[in-house]
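A.B. asks: This is the structure I have questions about; it appears just below.
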Amino acid sequence: MTAPLPLISLRSVSRTYRTDGVAVAAVRNVSFDIAQGEIVAVMGPSGSGKSTLMNMIGLLDLPSEGEVHLEGANVAELSEDRRSSLRARSIGFVFQSYNLLARHNAIENVALPLVYGGISRKARLARAEQSLQAVGMLHRAHHFPRQLSGGEQQRVAIARALIASPLIVLADEPTGALDSRTGAEILALFAALNRTGQTIVMITHDPGIATQCRRTIRLHDGELVSDETLVPLLPKRSAVS
Amino acid sequence: MTMLQGFQIALHALRLNPLRSFLTMLGIVIGVASIVTVFAIGSGAQLRLQEQIRSIGANVLMITPGAVYQGGVRLKDGSKLTMTESDVQAILEQIPEIQAAAGSIAGTAQVIHESKNWNTTINGTTTGHFMVRDWQLAAGRYFSGTEEAGAGKVVILGSTVARELFAPGDDPIGAQIRIMKVPLEVVGVLDRKGPAQDDVAFVPLSTAKLRFLGSASNINRDSVAYIIAKVAADGQMAGARSEIESLLRQRHRVPAGQEDDFKVQDPAAAMEAQQGAIRTVALLLVAIASVSLLVGGISIMNVMIVSVTERTREIGIRRALGGRMRDIRLQFLCEALVLCLLGGAIGVAGGITLSMTVARMAGWITSIDGEAIGLALVFSIATGLIFGFYPAHKASRLSPIEALKTE
């Protein structure tokens, strides 16, 4: 029997940027798989290629060399439009700076990905309510981002990432702009989501966060230096649940 | 993303910045309002001319006095009444193409019926006048031969005069009215022919001369102020005209080489030429108004480019959340379109208001037709598409990664 198809598979992926005629390799020859239901921390100091890697996993960027497969399909072979549609359905982004649209309230922000999935307004808002409920933010549905605290904005952003039931949630320094207590709450939320089977890839430079993920991929200067799966620290898991 | 969603997003974005949105569409508002107004005034002027052409009647020639020499002094046209009733007779008898002809003298006077009075044109003429102008009676009859020959005390009223002198239920036929103290019996009321034409009262030529206008120094017993003549068919106009000219030169003994003491005109042709001129001027004004539409379009493009730059991060977020390039393009194109359509709608309303104001204040006839409104709206949609495309295209081409990095 063969192992189940990995959700995401990177095969010797390199990404080289050319700025002012100088080629800079942001990611070099990186390979790994991520399976359904995993929670993975991608660690490394700034400039180590974490964001570039996330852009490629999130179908915002394509590798210069090597292949990125999402559910077995080489994403480079898809058209730009197909990749966009796939993003709407399969990827949920969570950013360090939340990236909510300031001029839309929480529920409209959460419903935004469904606009690009051709779903009716009524159905969009109904699903956005469910999603807000899941992150405990339903009571703030009609607040605008500026009326919410950082932690609340990040919860709304997570609700937005979850609304289309994505294959994978990609979080880029999701606690980077939060104080440690709020950060811990957000991490607990991710952990809880993961327990429901949600695949999560979290990019961070904070070792404390990485220890809460079962698997940690470390990058340095664009190269993969380690890929470790830890035995879960049971007391910690129950502490955050 | 559907067109409808595009419009919803656009409306949402524009509502957040109402003043900016309004200023942006102001160029379109002004352009469309000017186009609608110019069209309304232009087609109003054309309508008035068409009505005048119709009211003159088809294939009508008008003969008016020309310049005269008195002892070597050239006097202004019309300073002497050079046409006579016998000229009318000669034209009728000697020129086969002429179906009907009539001479007229005219002046203004007060007409009085009981407690009502009205100032109008008194036209002394013969029944031939109505034949030339194809002017039917609404009630009553034309002048009889006896009345025409014997200065009968009868009058035929234009519909405006009848309306001003008689209450709606009153029958003017048989009623007595007074003009310059002379009592006259109303024998006929004419059909409506147009506001400018209906304000008139006709009396027999002999009556006018004997009782009203005879004392004027330049009236001799035989003369008329002008002659109108009806030509049988359209194609005979030029021939009839030159025949009348040579007949009158001969009758008036105009020496060869000297200017005619009369003028033969084709009023309908002259007005048609005038109509062409109005159309040209109106088109010119529309062209000028279109320039402001162009300027409006440029201002929309300018604001849209600024808006795309301002909202780079929003574009990045939308792209990351699954917005395709065409979705982004549609979103910004919809914004430009909404600006232009809204501006166009406000402009149409403004143009209608403006032309109605002009109509009331200047007394011009204006006519607002759906064609002008449709054209103005098509123009504004086209402006939105043309000037909105570049910023929208620019927005759609932004790299989502770069866009997400901007602050």
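A.B. asks: Angle between the Cα long axis of helix A:106-115 and the longest principal axis of chain A, 0 to 90 degrees, nearest 10?
C.D. replies: 50
A.B. asks: Cα centroids of the stretch A:1-43 and the stretch B:136-152: how far apart, whole angstrom?
C.D. replies: About 108 Å separates the Cα centre of the stretch A:1-43 from the one of the stretch B:136-152.
A.B. asks: While we're on this one: Sequence-distant or interchain residues sharing an amide H contact under 5 Å with residue B:138, placed H: which?
C.D. replies: B:189, B:190, B:191
A.B. asks: Which of the listed residues, A:37, B:406, A:92, is farthest toward the dipole's positive end in the protein assembly as shown, when Lys, Arg count +1 and Asp, Glu count -1 at the beta-carbon?
C.D. replies: Checked the options; the winner is A:37.
A.B. asks: Sticking with this structure for a sec: Rg(Cα) of the protein assembly as shown divided by 2.2 N^0.38 Å?
C.D. replies: 1.71
A.B. asks: What residues have an amide H closer than 5 Å to that of residue B:184, excluding those fewer than 5 places away on the same chain, when H is modeled at 1.01 Å from N in the peptide plane?
C.D. replies: B:177, B:178, B:179
A.B. asks: List the residues, sorted by chain then number, that are 5 or more residues from residue A:64 or on another chain and whose placed amide H is less than 5 Å from its amide H.
C.D. replies: A:14, A:15, A:16
A.B. asks: Report, in degrees rounded to the nearest 10, the 0 to 90 angle that the Cα long axis of helix A:180-195 makes with the longest principal axis of chain A.
C.D. replies: Orientation of helix A:180-195: about 80 degrees from the principal axis.
A.B. asks: Using only alpha carbon positions, build the gyration tensor of chain A, then give the equivalent ellipsoid semi-axes as the square roots of 5 times its eigenvalues, largest first, whole angstrom.
C.D. replies: Ellipsoid semi-axes (Å, largest first): 28, 22, 18.
A.B. asks: Angle between the Cα long axis of helix A:121-134 and the longest principal axis of chain A, 0 to 90 degrees, nearest 10?
C.D. replies: So the inclination is approximately 80 degrees.
A.B. asks: Determine, for each peptide in B:2-11, B:48-57, the mean count of other beta carbons within 10 angstrom over its residues, then list the peptides with the highest first.
C.D. replies: B:48-57, B:2-11
A.B. asks: Suppose the chain between residue A:33 and residue A:196 were pulled fully straight at 0.36 nm per residue; how much longer would it get relative to their current alpha carbon spacing?
C.D. replies: 56.6 nm
A.B. asks: If one computes P(r) from the Cα atoms of chain B, what percent of pairs lie at distances over 36 Å?
C.D. replies: 50
A.B. asks: While we're here: I need the phi-derived Karplus couplings for the stretch A:151-160: 6.51 cos²θ - 1.76 cosθ + 1.60, θ = phi - 60°, integer Hz, Gly and Pro marked x.
C.D. replies: x, 5, 4, 5, 5, 4, 4, 5, 4, 5
A.B. asks: Keeping to pairs on different chains or 8 or more places apart, tell me how many lysine pairs in chain B have Cα atoms under 13 Å apart.
C.D. replies: 4
A.B. asks: I need the peptides B:250-258, B:372-380, B:321-329, A:143-151 ranked by packing, meaning the mean over residues of other C-beta atoms within 10 angstrom, with the highest value on top.
C.D. replies: Put in order of decreasing packing, that is B:321-329, B:372-380, A:143-151, B:250-258.
A.B. asks: Then there's this: If you stretched the chain out fully between residue B:180 and residue B:167, how much longer would it get, using 0.36 nm times the residue separation minus the C-alpha to C-alpha distance?
C.D. replies: Stretched fully, the residue B:180-residue B:167 segment lengthens by 2.5 nm.
A.B. asks: Sticking with the crude label model, points 7 Å out along Cα→Cβ, report the distance from residue B:305 to residue A:188 in nm, one decimal please.
C.D. replies: So the label points at residue B:305 and residue A:188 sit 5.2 nm apart.
A.B. asks: Now for a separate question. Applying the Karplus parametrisation 6.51 cos²θ - 1.76 cosθ + 1.60 with θ = phi - 60° to the phi angles of the stretch B:139-147, what ³J(HN,Hα) value in whole Hz is obtained for each residue in order, glycine and proline being reported as x?
C.D. replies: 7, x, 9, 7, 6, 8, x, 5, 5
A.B. asks: Just the ratio, please: alpha-carbon radius of gyration of the stretch B:67-260 over 2.2 N^0.38 Å, N its number of residues.
C.D. replies: Cα Rg divided by the expected 2.2 N^0.38 Å: 1.10.
A.B. asks: If you don't mind, there's one more thing I want to ask. How far is the Cα center of the stretch A:97-164 from the Cα center of the stretch B:374-405, in Å?
C.D. replies: Each part's Cα centre sits 28 Å from the other's.
Coordinate-derived values only; no laboratory data. This is a predicted model, so every value here is computed, not measured. Please note: Cβ atoms are built from the backbone with ideal geometry, for glycine as well, and neighbour counts cover all protein chains shown.
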